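A short worksheet on the structure shown next.
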Amino acid sequence: MLDIKFIRENLEKVKTAAKNKNREVDFEKLLDLDEKHRSLTQEVEKVRAERNVISQQRTVNSKQLTDNSEQRTKGRELKEQLKRLEEGQKKITEELNLLLLTVPNVPHESVPVGKDASGNKEVAKWGNLPKFDFPPKDHITLAKDLDLVDFDRGVKVGGFRQYFLKNEGALLEMAVLTHAYRKIAKKGYIPLVAPSIVKEFTLLGNGQFPWGREEVYHLEKDNMYLAGTAEVPVTAYFSGEVLDERILPKKFVAFSSCFRREAGSYGKDTKGLYRLHQFNKVEQVIVTNNEEKQSLEFLEELRKNSEEILQDLELPYRVLLMCTGDMGEPQVKKYDIETWMPSRNAYGETMSDSFMGDFQARRLNIRYRTGKNVLQFCHTLNNTAIASPRILIAIFENCQREDGSITVPKVLQDFVGTDVITKR
């Protein structure tokens, strides 16, 4: 959420940001509500001040045994007037806050302007693309041939986009998640296992609501939701709290099961492991002070962590700087890290590295107290460390051999218990 004062003082900048992020905002109504809210606030404060004066006069008159019936009558009138004003103020505040939730964040000056993915900019690339001396198989064929994934029974039991990982497929997922989790924890990040069932305020807070409601599973009976990433619960970890600046930054690495309806992806990636309703993920989250220079350095740190994991797996990848139209509403700056997937003859997204400024912290009311005893809103950042089974696509396809077997990346071999996965 952007500060309404910031919006007033930087209206054209905020309007441009909304336009570049392909979002429509009723700024005329927003400013009108803001004006009404400020006017009502002044009236409320004025009436409260009058009530205080009357109350003091009544106290003095009572002590002096002076008739204060006039003050009592005036006091009742002011009380009723204040009640009406406060009710109006509450209604306007609620309307204003709902509209403020629809205003996207302002991108950093380094972010390219673009309408869609075509405006993204490649900023780094690592690894050599595999060259096969044989017709390579896609991950679905490899998984079926080697009995690593059971798609048919997954659909039978859980419906569309569900699956069972089996044998070395299951071990590979546990191995890659464990490797990423331990690697980031060794860098000083606090390890968490985060809840997947969350309250609505967490999704409003992280900025998925109101824009992405269709993508979230709603447990209507309990009025709870299934989170699509550990970013949701972990960013809300300090919600409503005031932190001491001396304990910042707080860095977390969190494991969670993730759930996404994929309502907006009808007809896309309907087969295989790329786009699923349920998956497991290790997420990085940082909560820090509002020094932008430092926060941008943390964004690069998060990116480096994820790149190191892909290098450990010896998987070729590239890094994209996302343009305004493809970066999402809450982000100030965002990188996507895409890993090469031979069957797609393209890179596929495996990590998203985002700096949110104080956008999420304002919505979640996460503040810190400076050494000068000043309250400020925190900055938040997040990035995927690893998500599976999507990463298994890259492992299966890049590491396949002519005989149909798969070479297990060296860093995962001890956990999996073999260096090569062969047909049973």
Review point. Only one residue in D403, D336, D419, D414 is under 29 Å from the mean Cα position of the chain (by Cα) and acidic (D, E), so which one is that?
Key: D336
Point to revise | Residues being of a type in the set (S, T, N, Q) and within 20 Å of P191 (Cβ to Cβ) - total across segment 207-238 | key: 2
Exercise for review: Could you tell me whether Q360 is under 30 Å from L100 (Cα atoms) and modelled with pLDDT of 95 or more?
Suggested key: yes
Practice item. Of the conditions (1) in a helix (DSSP H, G or I); (2) surrounded by 13 or more Cβ atoms within 10 Å (Cβ to Cβ); (3) among the acidic types (D, E), D147 clears all except one; give me its number. Key: (1)
Check your understanding: Among R362, R318, which is out of contact with any Lys or Arg (no Cβ under 9 Å at 6 or more places or on another chain), in contact (Cβ under 8 Å) with a residue 24 or more places away in the chain and surrounded by fewer than 24 Cβ atoms within 10 Å (Cβ to Cβ)?
Key -> R362
Review point. Which condition number in (1) over 43 Å from the mean Cα position of the chain (by Cα); (2) surrounded by fewer than 17 Cβ atoms within 10 Å (Cβ to Cβ) is the one that D26 fails?
Key: (1)
Revision key, fill the gap. When segment 113-141 is checked residue by residue, the ones that are more than 21 Å from L310 (Cα to Cα) and either surrounded by fewer than 12 Cβ atoms within 10 Å (Cβ to Cβ) or among the hydrophobic types (A, V, I, L, M, F, W, C) (or both) are V113, D116, A117, S118, D133, F134, P135, I140
Check your understanding: Condition test on L392, is it farther than 26 Å from G207 by Cα and either touching a residue at least 12 places away in the same chain (Cβ under 8 Å) or not in a strand (DSSP E or B) (or both)?
Key -> yes
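Would you be able to say whether some residue in segment 241-250 is closer than 17 Å to T384 by Cα, assigned by TED's automatic domain parsing to the domain that holds K166 and at pLDDT 95 or above?
yes
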Revision key, fill the gap. Conditions (1) without any contact (Cβ under 8 Å) to a residue 24 or more places away in the chain; (2) outside any strand (DSSP E or B) -> E338 fails only (2)
Review point. With respect to N280, is the statement that it is assigned to a strand (DSSP E or B), in contact with a helix residue (DSSP H, G or I) (Cβ under 7 Å, 6 or more places away or on another chain) and either at pLDDT 95 or above or crowded, with 17+ Cβ neighbours inside 10 Å (or both) true?
Key: yes
Check your understanding: Just one of the numbered conditions (1) crowded, with 24+ Cβ neighbours inside 10 Å; (2) in contact with an Asp or Glu (Cβ under 6 Å, 6 or more places away or on another chain); (3) within 30 Å of K250 (Cα to Cα) is not true of M356; which one?
Key -> (2)
Check your understanding: Can you find a residue in segment 268-286 that is of a type in the set (F, W, Y), touching a strand residue (DSSP E or B) at 6+ places or on another chain (Cβ under 7 Å), in contact (Cβ under 8 Å) with a residue 60 or more places away in the chain and more than 23 Å from I395 (Cβ to Cβ)?
Key -> no
Review point. Is there a residue being more than 26 Å from E241 (Cα to Cα), in contact (Cβ under 8 Å) with a residue 40 or more places away in the chain, in contact with a Ser or Thr (Cβ under 7 Å, 6 or more places away or on another chain) and in a helix (DSSP H, G or I) anywhere in segment 295-306?
Key: yes
Review point. Is one or more of the residues making up segment 172-194 buried (at least 19 other Cβ atoms within 10 Å of the Cβ), within 22 Å of the chain's Cα centre (by Cα) and within 30 Å of L98 (Cα to Cα)?
Key: yes
Check your understanding: Quick check: anything in segment 158-169 exposed (fewer than 15 other Cβ atoms within 10 Å of the Cβ), in the same structural domain as F259 (by TED's automatic domain parsing) and either in contact with a helix residue (DSSP H, G or I) (Cβ under 8 Å, 6 or more places away or on another chain) or more than 30 Å from S343 (Cβ to Cβ) (or both)?
Key -> no
Review point. Of the residues F164, F134, which single one is in contact (Cβ under 8 Å) with a residue 12 or more places away in the chain and within 29 Å of the chain's Cα centre (by Cα)?
Key: F164
Check your understanding: Quick check, is V123 at pLDDT 95 or above, within 25 Å of L2 (Cβ to Cβ) and of a type outside the set (K, R)?
Key -> no
Point to revise | Pairs, first surrounded by 15 or more Cβ atoms within 10 Å (Cβ to Cβ) in segment 29-52, second outside any helix (DSSP H, G or I), C-beta under 8 Å, six or more apart | key: L30/V103
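Inside segment 74-112, can you point out the residues that are assigned to a loop (DSSP other than H, G, I, E, B) and either surrounded by 13 or more Cβ atoms within 10 Å (Cβ to Cβ) or assigned by TED's automatic domain parsing to the domain that holds C399 (or both)?
Residues satisfying the conditions are L101, T102, V103, P104, N105, V106, P107, H108, V111, P112.
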Exercise for review: Among the residues of segment 363-380, write down those that are farther than 30 Å from L313 by Cα and under 14 Å from the mean Cα position of the chain (by Cα).
Suggested key: R363, L364, H379
Study note, to complete from the structure: If we ask which residues in segment 395-420 are closer than 20 Å to R344 by Cα and buried (at least 20 other Cβ atoms within 10 Å of the Cβ), their number turns out to be 6
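The values are calculated or read from the model by the stated rules, or taken from the named source; none is laboratory data. All values derive from a computational prediction rather than experimental measurement. Positions of Cβ are generated from backbone atoms using ideal geometry, with glycine treated the same way; all protein chains shown enter the neighbour counts.
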